[in-house]
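S.K.: My questions all concern the structure below.
The values are calculated or read from the model by the stated rules, or taken from the named source; none is laboratory data. Note that the structure is predicted; figures quoted are calculated from it, not measured. Note: ideal-geometry Cβ built from the backbone for every residue, glycine included; neighbour counts use all protein chains shown.
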């Protein structure tokens, strides 16, 4: 099993009573004076095998992430024959990879989410677009005022009714929540009524 510094140096955080690796924390920071100790050309035998490249140049397969990070390679399987790889100084890479830092018990998943969730980037409602859709809907035959699709009923409207033992359907719509908590189409409602022998299907 490979024990690479990219994973090993991630700090552990307490989430829901369990310690897990904080994969959002940066693993490596290159200094301004990083040195290239050697250059190498990937042979056909080394294609997609950064672990073997690491074994050759560092004497340790576990340093494959040092080569990948230094060369800006995020997908280890993208290493192809003929690629030129820069081999960093082993001493420089020791300082570049941050050591594991313990975090206090107050760290939780909300703090991790905040790193990536920016409420300012949420899509905003376009009032002009809403007004346009309302005007467009008002021109339709059903005269919708709420921009609903044509197969939905307006709030408060009646989708089906029983007259003299006959069931009269409106459009293929979703009944109100008071009558039905689950979406119910015309076809499904008719099927249920047939199953329960409430009315007979006529051609």
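S.K.: Can you name the residue in the range 24-46 that is within 20 Å of residue 75 (Cβ to Cβ) and touching a residue at least 40 places away in the same chain (Cβ under 8 Å) and, of all such residues, is surrounded by the fewest Cβ atoms within 10 Å (Cβ to Cβ)? If you could, list the steps in order and put the result at the bottom.
M.R.: Applying the first criterion (within 20 Å of residue 75 (Cβ to Cβ)) to the range 24-46 yields 24, 26-28, 30, 40-46.
Cutting the leftovers down to touching a residue at least 40 places away in the same chain (Cβ under 8 Å) gives us 24, 26-28, 30, 40-42.
Values: 24: 12, 26: 8, 27: 17, 28: 16, 30: 14, 40: 15, 41: 10, 42: 19.
Only one residue tops the list, namely 26.
S.K.: For residues that are in contact with a strand residue (DSSP E or B) (Cβ under 9 Å, 6 or more places away or on another chain) and part of a loop (DSSP other than H, G, I, E, B), scanning just the range 26-50, find the one that is modelled with the highest pLDDT.
M.R.: 42
S.K.: Pick out the one residue from 69, 21, 55 that is touching a residue at least 40 places away in the same chain (Cβ under 8 Å) and either within 33 Å of the chain's Cα centre (by Cα) or closer than 20 Å to residue 92 by Cα (or both).
M.R.: On the way: 21 fails: touching a residue at least 40 places away in the same chain (Cβ under 8 Å); 55 fails: touching a residue at least 40 places away in the same chain (Cβ under 8 Å).
Criteria check complete, one pass: 69.
S.K.: Within the range 47-63, can one find any residue that is under 19 Å from residue 97 (Cα atoms), assigned by TED's automatic domain parsing to the domain that holds residue 96 and exposed (fewer than 13 other Cβ atoms within 10 Å of the Cβ)?
M.R.: Within the range 47-63, one or more residues are under 19 Å from residue 97 (Cα atoms), assigned by TED's automatic domain parsing to the domain that holds residue 96 and exposed (fewer than 13 other Cβ atoms within 10 Å of the Cβ).
S.K.: Report whether or not residue 8 is surrounded by fewer than 11 Cβ atoms within 10 Å (Cβ to Cβ) and modelled with pLDDT under 90.
M.R.: no
S.K.: Next question, about the same structure. Look at residue 105 and say whether it is within 30 Å of residue 191 (Cα to Cα) and either at pLDDT 70 or above or surrounded by fewer than 16 Cβ atoms within 10 Å (Cβ to Cβ) (or both). Give the derivation first.
M.R.: Numbers: within 30 Å of residue 191 (Cα to Cα): no; either at pLDDT 70 or above or surrounded by fewer than 16 Cβ atoms within 10 Å (Cβ to Cβ) (or both): yes.
No: the conditions fail for residue 105.
S.K.: From the list 14, 64, exactly one residue is closer than 20 Å to residue 95 by Cα and either assigned to a loop (DSSP other than H, G, I, E, B) or touching a residue at least 60 places away in the same chain (Cβ under 8 Å) (or both). Which is it?
M.R.: The conditions single out 64.
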